[in-house]
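The values are calculated or read from the model by the stated rules, or taken from the named source; none is laboratory data. Note that the structure is predicted; figures quoted are calculated from it, not measured. When we count neighbours, we look across all protein chains shown, and the Cβ atoms used for this are built from the backbone with ideal geometry, even at glycine. Protein only, heavy atoms only, side chains kept; ligands, DNA and RNA dropped before computing areas. Shrake-Rupley method; radii C 1.70, N 1.55, O 1.52, S 1.80 Å.
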Amino acid sequence: MTTIVNDFTLNIATANGTGSQSANLILLQSLFNMGIEVSGKNLFPSNISGLPTWYIVRVSDAGYQAPGDRTHIQVLMNPDTWAEDLADLQPGSVVIWNTDAKMVMDRVDVVSYPVPMTTMARTLNPKLARMVANVIYVGVIAEMLGIEDDAILAAIAGQFKGKASAIDLNTQAYRLGRTFANEELTKADPYAVEARGNPGGRFFIEGNEAAALGAIFGGVQMLAWYPITPSSSLAEGVINYIPKLRTNEHGEATCAVIQAEDELAAAGMVVGAGWAGARGMTATSGPGISLMQEFIGLAYFAEIPSVFWDVNRVGPSTGLPTRTQQSDLQMLYEGSHGDTQHIVLIPGTVEECFEFGWRAFDVSERFQTPVFGLSDLDLGMNRWTCEGFTYPDVPMDRGKVIRDRDVFEAMEDFGRYRDVDGDGIPYRTLPGSGMAPILSRGTGHDPSGKYSEKSHVYLDLMQRLRRKIDGARPHLPAPILREEEECDVGIVYFGSMENSIQEIDDIIESGGRKVSQCRVRSLPLHPEVEDFCARHKTVIVLEINRDGQLWGIMRRELPNHLVDRVHSVAYSDGMPPRASVYAERIIATIEEVEG
Amino acid sequence: MSETPARSQPIKLNIIDQPLDAYTGGPSSLCPGCGHDQISSVIISAAWENGVEPHRIAKMSGIGCSSKTPAYYLGQAHGFNTVHGRMPSVTTGAAAVNRDLLYLGVSGDGDSASIGIGQLIHAIRRNLDMVYIVENNGVYGLTKGQYSATAEIGSKKKKGKANEQPPIDLCALAINLGCTFVARSFSGSKKQLNALLKAAMSHRGFALIDVISPCVTFNNNDESFRSYGYVKENEVTLHMADYIPQRVPMEEIEVPEGHYRDITLHDGSVIRLETIDADHDPSDAVAALAALHKAADDDHHVTGLLYFDPDMPIMHDNLGLPEASLIDLPADALRPSEAALDAVVARFRGA
Ligand SMILES: Cc1ncc(C[n+]2csc(CCOP(=O)(O)OP(=O)(O)O)c2C)c(N)n1
Ligand code: SF4
Ligand SMILES: [Mg+2]
């Protein structure tokens with residue numbers, strides 16, 4: 001039996017609310033501590049206690065982060081999904097199972113490691129046995145795979161920062177599991193891990209926390225939010241960082257936090273803060289954005305800076321609230337009734353979550369318009385390897401705000417909505433300044449801000465707004481390009497698909513075909529996206545949704561002669577993207593196009 | 001220019017040396033005689049008399065005939081005519097970052113008692129520091145006369161159904177929510193409204209003034225030969241479907257404390273206004289609610305300052321914010337240093 005090192009997928013089946021999350025994070029972190037490329041995905045239900053949860057750990061020297069096509073090692077803790085999980089396994093898989101679950105493990109074509117986890121846990125702490133049992137499997141896995149003792153101990157210490165009794169209990173449970181495996185189980189599977197050196201400066205962080213930190217460094221002055229999975233941890237991240245990073249010498253906060261009564265109110269508060277001259281933001285998910293539509297249109301039309309983060313989950317409606325998808329793109333881009341068009345920043349990595357976290361405010365104040373950050377559950381709520389964060393390389397851009405009376409008086413014929421510079425971006429004065437006061441409104445208005453229903457006034461206004469947003473294109477984050485020399489096929493994708501693209505690319509390449517990649521990072525499309533399409537005979541737009549939303553936007557915005565070469569591969573079954581699923585569809589599409 | 005034309009009368013200035021003109025706005029486009037215009041004129045006089053710097057006021061409103069009025073007063077102040085019923089949240093966001101302005105909100109009964117009732121309730125609950133005027137006419141004026149949620153049971157239309165649902169009394173609601181300043185008035189009672197408005201502007205906390213403000217165009221009584229309904233029914237003869245009758249504004253009506261008077265509205269209907277007793281204790285919420293219930297039983301509208309609690313903490317007190325407004329903070333107070341980021345990252349790295 002040849003050993004398979006650092007290349008497998010481990011799946012842990014538990015029930016929600018049993019405390020398995022911290023055990024799983026210890027496992028993930030310990031592998032990371034050994035310098036191994038690893039990613040973890042939490043597949044959790046929309047429920048507090050009792051429903052099935054899976055945690056998928058992908059260990060891959062190739063750096064693959066998607067869940068992989070099959071499970072190599074299955075941990076069975078949950079009687080409810082036991083039979084199904086077992087049936088799904090390919091022959092030769094490993095099953096680590098809790099014998100106390102009183103379930104049958106009748107597969108003879110797998111490697112079986114029975115462990116009386118709950119019984120063992122009970123010897124340590126009868127009351128917490130259900131929770132402690134999870135750490136027992138960490139010990140068993142550690143022993144069977146060869147995870148270093150130090151790596152686990154460091155992970156336990158990190159997980160329970162300074163809480164001595166928790167560290168103690170978890171360490172004991174881990175040791176119990178490890179010793180059991182060492183003494184009672186005989187290694188009969190090929191999987192193993194090997195240290196790959198120090199992780200260096202890298203660390204694990206969730207996208208939501210990174211975006212929150214970005215907002216903190218972006219000078220957010222008002223956060224209004226209404227809780228919703230998977231965005232709550234973004235808002236809570238901002239709240240958690242305020243005491244340390246955003247208080248003055250008297251300990252007073254320099255950012256107001258308001259838990260709103262609903263998303264309509266949260267959006268209204270963001271618009272109010274922006275109108276007053278501050279950096280306001282909210283974080284929500286699809287259902288919240290649906291409620292915010294009216295305010296989004298007001299902010300667009302009255303030209304109020306405002307930042308909205310959407311951490312996308314599976315829709316429509318309440319959908320699969322704890323699963324990931326890229327299905328809000330179109331709603332954000334064209335949010336609210338009437339002709340609108342909004343700037344959307346789309347991070348694909350945790351580093352970008354941080355960067356766009358602060359940049360969103362600059363863009364919003366520069367262009368005086370709502371700006372969306374579009375993340376998703378996968379990127380936002382799972383832990384990803386991070387190289388570090390780059391401090392903002394430009395001072396805060398507060399846009400065309402006139403604060404000084406001399407400057408104001410030097411301007412001839414000031415008008416709140418006058419296009420003085422020809423870039424479609426007008427100047428504004430703030431409430432309380434007494435300079436050129438107007439009644440901001442969502443009704444038609446002339447360049448001075450006065451109510452008007454005149455056709456030419458409306459037409460000019462709508463054209464200027466279009467010019468303004470169009471003018472933003474080159475100033476928004478450019479796509480990330482990875483181009484092959486033979487430019488036959490190019491794949492355009494966005495957001496968290498970044499975590500699967502390398503594996504998808506390798507699968508396609510293993511079939512003898514090279515493809516280029518273009519990761520879109522903003523809407524409206526950067527001019528380089530069009531250039532990329534022009535350089536490739538066939539362009540595949542790859543996304544985690546049903547309808548091909550980015551594809552639709554591209555078809556509308558690309559010049560006619562490029563439209564026909566752009567094809568959609570859109571798929572979403574509620575699971576985080578598995579590379580082979582998308583690779584197969586891409587290959588099929590290319591073959592179809594090439595006839 | 002050294003010569004100024006002689007004036008017959010010197011211009012009157014307020015305590016900050018501003019003429020009344022500094023507080024006026026553009027011409028109104030409401031129906032002549034609309035109660036809302038009377039309220040606008042009281043806003044102008046109250047702000048002037050209070051000596052508020054006109055540009056330090058923020059005029060907030062939702063959507064409706066009432067919500068259009070910020071264009072007609074305080075032309076030196078910035079304002080925001082937001083979306084239907086959602087002025088409270090916009091004001092909350094603005095006030096959170098700029099606490100130095102006087103937030104003066106105007107809304108309608110549709111705006112406040114229907115689509116926006118949730119936001120009104122939560123702004124009261126936060127004790128947002130603002131003046132909130134409801135220009136209450138019992139109908140949706142701007143959408144042409146549908147009943148609002150403040151219309152009384154039996155508000156009768158000869159054709160079509162009488163209103164059968166009980167009204168929401170915004171004052172009673174506010175008192176139950178712990179609103180710190182609750183008053184009711186009448187658009188034609190300029191003296192009383194002026195006094196209440198000046199008090200509300202000086203109040204630290206949420207001040208609700210529910211002002212009965214008759215809609216002269218879409219009143220509820222189709223019987224009245226002066227009503228819109230009459231005009232509509234007779235549009236064949238008049239050949240004018242969109243005829244809006246010209247009304248002279250209602251005469252000024254002041255009711256002495258503890259008394260009531262019957263007021264005949266434009267459509268001939270009568271409302272009975274009562275001014276709360278001089279010895280009503282506005283710190284007594286139960287007495288205020290009792291007065292409201294009793295008045296409702298008697299088909300009166302009880303006016304005056306119903307409830308007042310000057311000591312409740314306002315939203316800002318609970319947000320842990322500095323005395324200075326957040327919008328005045330310099331960039332380095334908003335963006336932590338590079339060293340601060342390094343420290344955060346070092347912690348992640350376990351260093
Ligand atoms: C979301 C939304 N729904 C409906 C409307 C239509 N609308 C405009 S004003 C109004 C009612 C206004 O009534 P009220 O608040 O009592 O003000 P009034 O005109 O009586 O002063 C309605 C329903 C709207 N503007 N927005
Ligand atoms: S419709 Fe009624 S509320 Fe609206 S302006 Fe005319 S009178 Fe006033
Ligand atoms: Mg009304």
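Those residues that are within 14 Å of another protein chain (Cβ to nearest Cβ) and closer than 19 Å to A:PHE367 by Cα, I need them from region A:407-416; list them, please.
So the first thing to find is which residues in region A:407-416 are within 14 Å of another protein chain (Cβ to nearest Cβ), and the list is A:408, A:414, A:416.
A:PHE414, A:ARG416 - these are the residues of region A:407-416 that are within 14 Å of another protein chain (Cβ to nearest Cβ) and closer than 19 Å to A:PHE367 by Cα.
Counting just the residues of region A:3-19 that are open to solvent by 10 Å² or more (accessible area, probe 1.4 Å) and not in a strand (DSSP E or B), which one comes out nearest to A:ALA192 (Cα to Cα)? It would help to see each step written out before you state the result.
Going through region A:3-19, the residues open to solvent by 10 Å² or more (accessible area, probe 1.4 Å) turn out to be A:3-5, A:7, A:11, A:15-19.
With the extra rule that they be not in a strand (DSSP E or B), the set shrinks to A:3, A:16-19.
On the way: A:THR3: 7, A:ASN16: 28, A:GLY17: 30, A:THR18: 28, A:GLY19: 26 Å.
Checking each candidate, the answer is A:THR3.
If I go through region B:139-149 residue by residue, how many of them are surrounded by 20 or more Cβ atoms within 10 Å (Cβ to Cβ), of a type outside the set (A, V, I, L, M, F, W, C) and near ligand 1 (Cβ under 8 Å from one of its atoms)?
Residues meeting the conditions: 3.
Kindly indicate whether any position in region A:206-214 is open to solvent by 40 Å² or more (accessible area, probe 1.4 Å) and either in contact with an Asp or Glu (Cβ under 8 Å, 6 or more places away or on another chain) or within 14 Å of chain B (Cβ to nearest Cβ) (or both).
Yes - at least one qualifying residue is present in region A:206-214.
Of all the helices (runs of 4 or more DSSP H) wholly in region B:1-102, which have at least 2 residues that are within 13 Å of chain A (Cβ to nearest Cβ) and away from ligand 1 (no atom under 16 Å from the Cβ)?
Helices (runs of 4 or more DSSP H) meeting the threshold: B:87-97.
Residues that are of a type outside the set (A, V, I, L, M, F, W, C): find the strands (runs of 3 or more DSSP E) completely inside region A:477-540 holding 3 or more of those.
Numbers: elements: A:480-482, A:489-494, A:515-520.
Counting at least 3 such residues, we get A:515-520.
If I filter region B:115-132 for residues that are within 15 Å of the chain's Cα centre (by Cα), under 21 Å from B:SER29 (Cβ atoms) and either near ligand 1 (Cβ under 8 Å from one of its atoms) or crowded, with 24+ Cβ neighbours inside 10 Å (or both), do I get at least one hit?
no
Of all residues in region A:275-291 being more than 7 Å from every other protein chain (Cβ to nearest Cβ), touching a helix residue (DSSP H, G or I) at 6+ places or on another chain (Cβ under 7 Å) and not basic (Lys, Arg), which is surrounded by the fewest Cβ atoms within 10 Å (Cβ to Cβ)?
Going through the qualifying residues, I end up with A:LEU291.
Scanning region B:68-103 for residues that are over 25 Å from A:SER452 (Cβ atoms) and within 14 Å of the chain's Cα centre (by Cα), which turns out nearest to ligand 3 (Cβ to nearest atom)?
Only one residue fits best here, namely B:PRO88.
Restricting to region A:394-417, name every residue that is open to solvent by 100 Å² or more (accessible area, probe 1.4 Å) and over 11 Å from A:ALA436 (Cα atoms).
A:PRO395, A:ARG403, A:ASP406, A:GLU412
Run B:VAL211 past the list (1) within 16 Å of ligand 2 (Cβ to nearest atom); (2) open to solvent by 10 Å² or more (accessible area, probe 1.4 Å); (3) more than 14 Å from every other protein chain (Cβ to nearest Cβ) and report the number of the one that doesn't hold.
Failed condition: (2).
Residues are listed down the side, and each one gets a yes or a no for (1) touching a Gly at 6+ places or on another chain (Cβ under 9 Å); (2) not assigned by TED's automatic domain parsing to the domain that holds A:TYR571:
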{"position": "A:PHE408", "(1), (2)": "no, yes"}
{"position": "A:GLU412", "(1), (2)": "no, yes"}
{"position": "A:ARG418", "(1), (2)": "no, yes"}
{"position": "A:PRO431", "(1), (2)": "yes, yes"}
{"position": "A:PRO447", "(1), (2)": "yes, yes"}
{"position": "A:SER455", "(1), (2)": "no, yes"}
{"position": "A:ASP460", "(1), (2)": "no, yes"}
{"position": "A:ILE491", "(1), (2)": "no, no"}
{"position": "A:VAL515", "(1), (2)": "yes, no"}
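Please enumerate the residues belonging to region B:200-220 that are more than 11 Å from ligand 1 (Cβ to nearest atom), part of a loop (DSSP other than H, G, I, E, B) and closer than 20 Å to B:GLY64 by Cβ.
Hits for region B:200-220 are B:VAL216, B:ASN219, B:ASN220.
How many of the residues in region B:38-71 are open to solvent by 10 Å² or more (accessible area, probe 1.4 Å) and out of contact with any Pro (no Cβ under 7 Å at 6 or more places or on another chain)?
15
Which numbered condition in (1) more than 10 Å from chain B (Cβ to nearest Cβ); (2) surrounded by fewer than 20 Cβ atoms within 10 Å (Cβ to Cβ) is the only one that A:TYR226 fails?
Unmet for A:TYR226, out of (1) more than 10 Å from chain B (Cβ to nearest Cβ); (2) surrounded by fewer than 20 Cβ atoms within 10 Å (Cβ to Cβ): (2).
Can you name the residue in region A:69-92 that is out of contact with any Leu (no Cβ under 8 Å at 6 or more places or on another chain) and crowded, with 23+ Cβ neighbours inside 10 Å and, of all such residues, is farthest from A:ASN16 (Cα to Cα)?
A:MET77
Say whether the condition of being out of contact with any strand residue (DSSP E or B) (no Cβ under 8 Å at 6 or more places or on another chain), crowded, with 24+ Cβ neighbours inside 10 Å, at the interface with chain B (Cβ under 7 Å from one of its Cβ atoms) and not hydroxyl-bearing (Ser, Thr, Tyr) is met by at least one residue in region A:252-262.
The first filter runs over region A:252-262 and keeps only residues out of contact with any strand residue (DSSP E or B) (no Cβ under 8 Å at 6 or more places or on another chain), leaving A:252, A:261-262.
Still in the list and also crowded, with 24+ Cβ neighbours inside 10 Å: none.
Checked against the condition, which is being out of contact with any strand residue (DSSP E or B) (no Cβ under 8 Å at 6 or more places or on another chain), crowded, with 24+ Cβ neighbours inside 10 Å, at the interface with chain B (Cβ under 7 Å from one of its Cβ atoms) and not hydroxyl-bearing (Ser, Thr, Tyr), region A:252-262 yields no hits at all.
Would a scan of region B:294-311 turn up a residue that is hydrophobic (A, V, I, L, M, F, W, C), assigned to a helix (DSSP H, G or I) and more than 8 Å from chain A (Cβ to nearest Cβ)?
Scanning region B:294-311 turns up at least one residue that is hydrophobic (A, V, I, L, M, F, W, C), assigned to a helix (DSSP H, G or I) and more than 8 Å from chain A (Cβ to nearest Cβ).
Within region A:546-560, is even one residue open to solvent by less than 10 Å² (accessible area, probe 1.4 Å), in contact (Cβ under 8 Å) with a residue 24 or more places away in the chain, under 18 Å from the mean Cα position of the chain (by Cα) and closer than 27 Å to A:GLU351 by Cα?
Within region A:546-560 (the criterion being open to solvent by less than 10 Å² (accessible area, probe 1.4 Å), in contact (Cβ under 8 Å) with a residue 24 or more places away in the chain, under 18 Å from the mean Cα position of the chain (by Cα) and closer than 27 Å to A:GLU351 by Cα), the answer is yes, since at least one residue qualifies.
On the basis of being at pLDDT 90 or above, within 25 Å of B:PRO214 (Cβ to Cβ) and either in contact with a Ser or Thr (Cβ under 7 Å, 6 or more places away or on another chain) or surrounded by 14 or more Cβ atoms within 10 Å (Cβ to Cβ) (or both), does B:VAL302 make the cut? Can you show your working first?
Details: at pLDDT 90 or above: yes; within 25 Å of B:PRO214 (Cβ to Cβ): yes; either in contact with a Ser or Thr (Cβ under 7 Å, 6 or more places away or on another chain) or surrounded by 14 or more Cβ atoms within 10 Å (Cβ to Cβ) (or both): yes.
Yes, satisfied.
Quick test for you: out of A:GLY380, A:GLY424, A:GLY388, pick the one residue that is open to solvent by less than 20 Å² (accessible area, probe 1.4 Å), assigned to a loop (DSSP other than H, G, I, E, B) and touching a Leu at 6+ places or on another chain (Cβ under 9 Å).
So the residue among A:GLY380, A:GLY424, A:GLY388 that is open to solvent by less than 20 Å² (accessible area, probe 1.4 Å), assigned to a loop (DSSP other than H, G, I, E, B) and touching a Leu at 6+ places or on another chain (Cβ under 9 Å) is A:GLY424.
Condition first: touching a residue at least 40 places away in the same chain (Cβ under 8 Å), among the β-branched types (Val, Ile, Thr) and closer than 26 Å to A:GLY268 by Cβ. Can you find one or more residues in region B:72-87 that meet it?
no
Outside any helix (DSSP H, G or I), out of contact with any His (no Cβ under 9 Å at 6 or more places or on another chain) and either open to solvent by 60 Å² or more (accessible area, probe 1.4 Å) or touching a residue at least 60 places away in the same chain (Cβ under 8 Å) (or both): does that describe A:GLY158?
no
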